[in-house]
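J.: There's a structure below that I have some questions on.
The values are calculated or read from the model by the stated rules, or taken from the named source; none is laboratory data. Bear in mind the structure is a predicted one, so any value in this text is a computation, not a measurement. Reconstructed Cβ throughout: ideal geometry from the backbone, glycine too, with neighbour counts over all protein chains shown. Accessible surface areas use protein heavy atoms only, side chains included; no ligands, DNA or RNA. Shrake-Rupley method; radii C 1.70, N 1.55, O 1.52, S 1.80 Å.
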Amino acid sequence: LLGSGGMGSVYLAHDSWLDRNVALKVLRATVADEGDRGRLLREARVAAKVEHERLVRIYDVGENQGQPFLAMEYVRGESLR
């Protein structure tokens, strides 16, 4: 677990197909209604269109066993707290 917020949690995960670490944002089961799924998809589409050195890259968006997720670039660093 890297962090969590109002809609879900972000985990450090490993993409075994491409052999790289990713940050995996997963919506909470209690908030994963169609509106939240739509927001996650919009977030992914907007972020995927923007390239900037200070923004993470979006690798994938989808569902696993009904659980919506967003896979993005993992950037090692310190907490901003």
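J.: If you check Leu24 against the conditions, is it modelled with pLDDT of 90 or more, of a type in the set (A, V, I, L, M, F, W, C) and out of contact with any Ser or Thr (no Cβ under 8 Å at 6 or more places or on another chain)?
T.: Judged against the criteria, Leu24 is a match.
J.: Collect the residues in the range 1-12 that are outside any loop (DSSP other than H, G, I, E, B), closer than 12 Å to Phe69 by Cα and open to solvent by less than 90 Å² (accessible area, probe 1.4 Å), keeping them in residue-number order.
T.: Passing the criteria: Gly8, Ser9, Val10.
Yes or no, residue by residue, for (1) in a helix (DSSP H, G or I); (2) surrounded by 12 or more Cβ atoms within 10 Å (Cβ to Cβ); (3) at pLDDT 90 or above; (4) of a type in the set (Ser, Thr, Tyr):
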{"site": "Thr30", "(1), (2), (3), (4)": "yes, no, no, yes"}
{"site": "Leu41", "(1), (2), (3), (4)": "yes, yes, no, no"}
{"site": "His52", "(1), (2), (3), (4)": "no, no, no, no"}
{"site": "Ala71", "(1), (2), (3), (4)": "no, yes, yes, no"}
{"site": "Glu78", "(1), (2), (3), (4)": "no, no, no, no"}
